[in-house]
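One structure below.
The values are calculated or read from the model by the stated rules, or taken from the named source; none is laboratory data. Note that the structure is predicted; figures quoted are calculated from it, not measured. Virtual Cβ from ideal backbone geometry, glycine too; neighbours counted across all protein chains shown.
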């Protein structure tokens, strides 16, 4: 069986082609990780409860079990040289149990920080990086006290779990708070209250590492509809100083984690050009899909190179671009558009069922002016249902 070879530069041990990378999670991110790894000569195993899940369709084998099934994780570990994960809701304790069996270059500290919003905000702030004002709240009295400090409007989020707006309640006035008065103390989950930020726009930056060296991707502007990312415009139109600030904080966070693989950093760009960090994702990210066509190395190649202990080139933007998400309700119209849009790069995730608001694929369009590209995509009417 192929083995790990020692790096001469003090980085992670280098994984050789032919080795097996095990991916915990079989969704679209796992699928695109697997495709990148395949081009580099690696074999792929996937752990996911859904047979023939998107990642398994391009993998060498699948362990069909729940993500927290420790015997299944142990099986994947025994059949792999390296483990990675495609989402953050992974049982970190289960991964720790197999750390003597298989290399886990990303580690579990990264998971534990990003799984818990309080730990995440604390980690970010401890590295001298700003966030929205926040307070940990575990009861209605604590929520009232936090609102006195932060003020309205604010958003109450569960400390763990939640995505695309789930697990969140926006509090705009005392009337909204009154609606929570019926929640019993036993039913009040550990939560975090975050103050609203008067930002110019939302953005994100990707950073990838191999445990000691780190590179960043261009900063992109993100537009959300119904709390789901709708379109990313690359590059974001920002000043050199804003770019410097965002790049610096990305590299600081990567070094703080001794990052292996790709980390996504969601940002608020304020009206004065300063930057706050909103959230972290310990993996490739929806807003980075444009990199597949538009950059000299994409976020998935960088992730695989990073966890394999390979050197990382600095990504270059080869063309401005936009990425548009394809949700379940958009699939028929998007498939019909294949015949008439030769400049659209279509990505289908291979999911069995197209559910409303479920991410089924994405489109990347290259061109000179991302704003015009976005306008042209919207003019098709495919995404008219989004608010």
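Per the conditions (1) under 23 Å from residue 321 (Cβ atoms); (2) out of contact with any helix residue (DSSP H, G or I) (no Cβ under 7 Å at 6 or more places or on another chain); (3) surrounded by 20 or more Cβ atoms within 10 Å (Cβ to Cβ), the sole criterion not satisfied by residue 259 is (1). Note on region 175-195: residues that are at pLDDT below 95 and either in a loop (DSSP other than H, G, I, E, B) or surrounded by 14 or more Cβ atoms within 10 Å (Cβ to Cβ) (or both) amount to 12.
Restricting attention to region 332-387, the residues being in a loop (DSSP other than H, G, I, E, B), closer than 30 Å to residue 51 by Cα and either touching a residue at least 60 places away in the same chain (Cβ under 8 Å) or not assigned by TED's automatic domain parsing to the domain that holds residue 290 (or both) number 5. The requirement of being assigned to a loop (DSSP other than H, G, I, E, B), surrounded by 19 or more Cβ atoms within 10 Å (Cβ to Cβ) and not assigned by TED's automatic domain parsing to the domain that holds residue 213 is fulfilled somewhere in region 58-68, by at least one residue.
Within region 80-89, at least one residue is within 21 Å of residue 286 (Cβ to Cβ), assigned to a strand (DSSP E or B), under 22 Å from the mean Cα position of the chain (by Cα) and at pLDDT 95 or above.
When region 3-49 is filtered for residues that are farther than 25 Å from residue 258 by Cβ, part of a loop (DSSP other than H, G, I, E, B) and either touching a strand residue (DSSP E or B) at 6+ places or on another chain (Cβ under 8 Å) or modelled with pLDDT under 95 (or both), the ones remaining, listed by number, are 18, 26, 27, 49.
Of all residues in region 223-252, those being surrounded by fewer than 22 Cβ atoms within 10 Å (Cβ to Cβ) and either without any contact (Cβ under 8 Å) to a residue 12 or more places away in the chain or closer than 28 Å to residue 169 by Cα (or both) number 10. Does residue 128 satisfy being surrounded by fewer than 19 Cβ atoms within 10 Å (Cβ to Cβ), outside any helix (DSSP H, G or I) and at pLDDT below 95? Judged against the criteria, residue 128 is not a match.
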